[in-house]
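As structure tokens, the structure follows; a few thoughts come after it.
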Amino acid sequence: MWHTTSWFFRTWLKVTLALAVGVGVVWLCTDRAGYVVLAVIGAGLAECWTVRQLCREWAQEARYLCWWWPK
């Protein structure tokens, strides 16, 4: 289970850093605040979706690997 949890956090960190870099690139390459706001909103939505999917994956692994997790 620790392997799955560490995979969860590593994947979450990679996605978060990629989204932050994307927002930073938009911020540096544009002079309009509207594009930055759209990039931040898009990154926030992508982050929420990613966390939701990772939680599903973690829970599925817990159901298969842990006897104490409800099925």
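Brief remarks follow.
- Members of the stretch 1-43 that are under 30 Å from Ala59 (Cα atoms), modelled with pLDDT under 95 and among the hydroxyl-bearing types (Ser, Thr, Tyr): Thr4, Thr5, Ser6, Thr11
- Within the stretch 15-51, considering residues that are over 8 Å from the mean Cα position of the chain (by Cα) and of a type in the set (D, E, K, R), the one surrounded by the most Cβ atoms within 10 Å (Cβ to Cβ): Arg32
- Hey, Glu47 out of contact with any Gly (no Cβ under 9 Å at 6 or more places or on another chain), at pLDDT 95 or above, closer than 24 Å to Thr11 by Cα and charged (D, E, K, R) or not: yes
- A single member of Thr50, Thr5, Thr30 is at negative phi, touching a residue at least 40 places away in the same chain (Cβ under 8 Å) and among the β-branched types (Val, Ile, Thr), and it is Thr5.
The values are calculated or read from the model by the stated rules, or taken from the named source; none is laboratory data. Keep in mind it's a predicted model, so treat the numbers as computed, not measured. Neighbour counts are summed over all protein chains in view; Cβ atoms, including those assigned to glycine, are modelled from backbone coordinates with ideal geometry.
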